[in-house]
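As structure tokens, the structure follows; a few thoughts come after it.
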């Protein structure tokens, strides 16, 4: 089935470092808890996982922020832990404590037993949601598909949930690196197949979230995180339906390693707020586009302060192609949605001005 | 009262970039929960705060790790939140949730009401413990005094405890920067007086822990954290009892800003594990000593792996004066104390070898 043509292609053009009329903007977790309409749909769905696995409701929350704000992209509403769930680890959520796994991986035997899930089978609820969102979007803006990085997924799978210390995964990394490499290799294959399935279902750009790469040393980041993102970038379909599919890699806390991330052959880097975007730009040059990088906490301040800080990021990047505005991490649940509206309008206004 | 001369002055010499026979080592949180004897004393004391405020017991836990390990320094057992407690915010601890304040600061009025605590009055339990530890150490190794940085203290004081988002403190920083500057200025004065009192009571080196500086942007780090650490460095007594008192600054997550931290005039920088120590060394040259920087999770691995990783850090630093071995952050409570023994002996062995 052929999909409708894009009416707003700023995001794709910027990710491919082509000129645009203004700076495109989308927001990590734009479909999320800060929106009252999201909270209502979530309540209707039951649990968080029920919401992820119901294609009608997942599509609904994906589209909600687009009805409020002049966003330049939709991002599929889903969870980063769908792959480990499909591998049979038993994902569940405890209110206020985040994700947990019933059967965390603690041994090579646990790891060897894992297979690469067929995205058309146990993950078809995701590809079905992608197709439905594409249909409902009707070409309004592009749809971004995503996955967690192998390293980030493995932290949850080995720890059994969120972690502060990374005791088990790092214990394994230092003491039994070959076991962890085996897990990461399986995950890299699974993420590649999963993102390719999202692309075939209609995702027009994809992003890999390496939320926990920043807890590694330079050497272990390279060996246990970047290496497997590289493998994914090399295995992705970069053309579909006659269109180029840009790939963005984002390592939170990875500002020290931007050059190496850019060398993977990805199209764009996500930046957190611990680096000035002009410095990042001068380090990676025109090899990749940059996505970011306002401190999400700026949205707790008043509208004037928000506008001033948006202008600062846009001015720092300057009049070059290849900037997608975003926060440096997901929007916080306590933010007033009107404040996000101020941000988005300011991006387009200052992005237009700087191109004059 | 004159204090006994130092029998082991490797730490002080290394912090001042003078040659030593081997690499000195101490461990952040070396007096802490991973030691069964600490847990026993803690139980005897009652609460964590009771332990901090009882000079006999605080002295006892300070000395415990020195009885087990060939450490080159003692660090005063205390909490980073003693200053806000002395300011009247009502510090308390909830098991498993960390520190809390009964009266968090949320307005300029709250902030304006704060005074600089006299360290000889409301904080005399700390200086009394310093004097007692010095006496009991009898010159065996030097005693390190410490404080939290103004920014790090302010995060707890404004949030009312630990934070993931830094909603209130960053909201204040972006929207009412002058209120936050007022708080940070008061804290810088308080920390300076507090560390000077520790020096007068017998601390032979001091360290400022900026545990949360890494959550800031480059500009806000400079304005709201580094600026006030600079003020402290400039106000500290750098000579006491005929001895130079070295000052170490440590910003966790601050690897991007090492040059600027070194420019404060401090003697040494603490490093977390997200940077290779040889790269840090080539960036700051011989301006400062470096302290660090093994990933604390290496201690979950087997003894051979621990030794290999210790050797890697020492080899990377090379045969130069100015390295104090440490972890990149505090030792985790779940570590086997024998593993720390392996680490400490390996530091001295490889540190000796590299000087041949």
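Rule-based calculations on the coordinates, nothing more; no lab input. Here the structure is a predicted model, which means the values were calculated and not measured. A quick note on method: Cβ atoms are made from the backbone with ideal geometry, for glycine too, and the neighbour counts reach across all protein chains shown.
Of note:
- In this simple spin-label model, placing a label point 7 Å from the Cα along the Cα-to-Cβ direction at both residue A:118 and residue B:120 gives a separation of 8.1 nm.
- Taking Cα atoms only, the orientation of helix A:337-354 departs from the longest principal axis of chain A by about 60 degrees.
- For chain B: relative contact order, % (alpha-carbon pairs under 8 angstrom, 6 or more apart): 22
- Shortest-first distances to equivalent copies, position residue A:263, nm, label 7 Å out along Cβ: 2.9
- Antiparallel DSSP beta bridges within the protein assembly as shown, percent to nearest 5: 25
- Note: relative contact order over region A:1-93, using C-alpha pairs below 8 Å and six or more positions apart, is 26 percent.
- Ratio of Rg to Rh over region A:233-339 (Cα coordinates, Kirkwood Rh, two decimals): 1.01
- Both numbers refer to the Cα atoms of region A:1-109; Rg and Dmax are 17.4, 54 Å.
- Structure remark: mean-square fluctuation, Gaussian network model of chain A, C-alpha springs under 10 Å; the largest value among A:252, A:164, A:287 belongs to A:164.
- Among A:334, A:90, A:98, the residue with the largest mean-square fluctuation in a Gaussian network model of chain A, with springs joining Cα atoms closer than 10 Å, is A:98.
- Chain A: proportion of alpha-carbon pairs further apart than 40 angstrom, %: 7
- Region B:127-197 - Rg over Rh from alpha carbon coordinates, Kirkwood radius: 1.16
- A Gaussian network model of chain A, with springs between Cα atoms under 10 Å, assigns the largest mean-square fluctuation among A:241, A:128, A:70 to A:241.
- Convex hull volume per residue in cubic angstrom - Cα atoms of region B:79-159: 112
- Per residue, the average separation of C-alpha pairs within less than 8 Å and at least 6 apart gives region B:226-356 a relative contact order of 21 percent.
- Inter-copy separations for residue B:240, label at 7 Å along Cα-Cβ, nm, ascending: 6.4
- Most to least packed among A:344-353, B:242-251, A:201-210 [average Cβ atoms within 10 Å]: A:201-210, B:242-251, A:344-353
- When shorter helices are ignored and each DSSP H run of at least 4 residues is given -39500 (n - 2.57), the per-residue value for chain A at 222 nm works out to -13500 deg cm²/dmol.
- Evaluated on region A:191-272, the Kirkwood hydrodynamic radius is 12.9 Å, with distances taken between all distinct Cα atoms.
- Position residue A:320, label points 7 Å along Cα→Cβ, spacing to each other copy in nm (shortest first, one decimal): 3.1
- Against the main long axis of the alpha-carbon atoms of chain A, helix A:36-45 sits at an angle near 30°.
- Between the Cα long axis of helix A:55-68 and the first principal axis of chain A there is an angle of about 30°, rounded to the nearest 10.
- Cα-based convex hull, the protein assembly as shown, per residue volume (Å³, whole number): 147
- Region A:123-176 and region B:111-136: distance between their alpha carbon centers, rounded to Å: 49
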